[in-house]
Amino acid sequence: MFEADFSPYIAADEELLWQGESHKEGPAPQASGSNSMLLFAVIWTVMTVLIFGIVFISSGNELRGGTMAAAVIGAAVFIGLGAWLFYYTFHFTHEYYALTDKRFLRMSDKGEIVQQSELYHAVSAELLGIKNGYGTIKIKTGVVHRLRVKGHTHTTREFWAMRGIEGADEFYKLFTGLLQIIKEEQHN
């Protein structure tokens, strides 16, 4: 089993305050959006089955050769997308997290740092849920990404998420206390 080692990524003037990992026993990976994603997956799949079912039933012998192949491929693609949405909603990805006095770090199960963000970007934290002693925390940042497409500006806010961590309530207290200290330092 892989053992996360954050020490090569921590600077000499930085202190490791907390380290943890995700667990399957915790809330669903997309805990905040799993209900809406699941509902969308159900609606998508049911509508796809109904539409293609009506097409196959109503066309009878008219679907032959290339037309039949196109209809079958289309049905497979759209139903497959619905199945992928179900999978994505409940898929578990093992991740490792570290909190220093300056940064938040997230490491993949392959040992690669996939996210490192400065703590001064954090605005607030939310404990989304606890299941079997494991919790999910979503941290809102002040980092906003704007993308202009065809005259419309799309704005998204950067979030950090820690899924299914043991002792989420203790981490939440540690992080919000640290966040308060950072905010006070910024005002001074």
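Worth pointing out:
- Euclidean distance between Cα centres, the stretch 71-109 to the stretch 168-182, Å: 27 Å
- Compared with the dominant Cα axis of the chain, that is its longest principal axis, helix 65-90 is turned about 30°.
- Cross-link partners for residue 24 among the lysines, with Cα-Cα distance under 25 Å and sequence neighbours closer than 8 places in the same chain left out: 110, 131, 138, 140, 173.
- For the stretch 42-97, dividing the convex hull volume of the Cα atoms by the residue count gives 71 Å³ per residue.
- Gain upon complete extension [residue 71, residue 113; 0.36 nm per residue less C-alpha separation]: 10.8 nm
- Furthest towards positive pole of dipole, 86, 156, 128, structure part the stretch 65-188, Cβ charges: 156
- Calculated FRET value between residue 185 and residue 81, using beta carbons and R₀ = 45 Å, to 0.05: 0.40
- All Cα pairs of the stretch 95-187, percent lying beyond 21 Å: 38 percent
- Each listed q (0.14, 0.15 Å⁻¹) maps to a log10 I(q)/I(0) for the chain, found by the Debye formula over equal Cα scatterers with no solvent: -0.89, -0.97.
- Mean residue ellipticity at 222 nm, helices only, the chain: -13500 deg cm²/dmol; runs of at least 4 DSSP H residues each add -39,500 (n - 2.57), and the sum is divided by the number of residues.
- Estimated distance in nm for a label pair at residue 64 and residue 154, the labels positioned 7 Å out from Cα along Cα-to-Cβ: 4.4 nm
Computed from the coordinates by the stated procedures, all read-outs in this text should not be read as laboratory data. On a predicted model such as this, the values are computed, not experimentally measured, just so you know. Neighbour counts run over all protein chains shown; Cβ positions are idealised from the backbone, glycine included.
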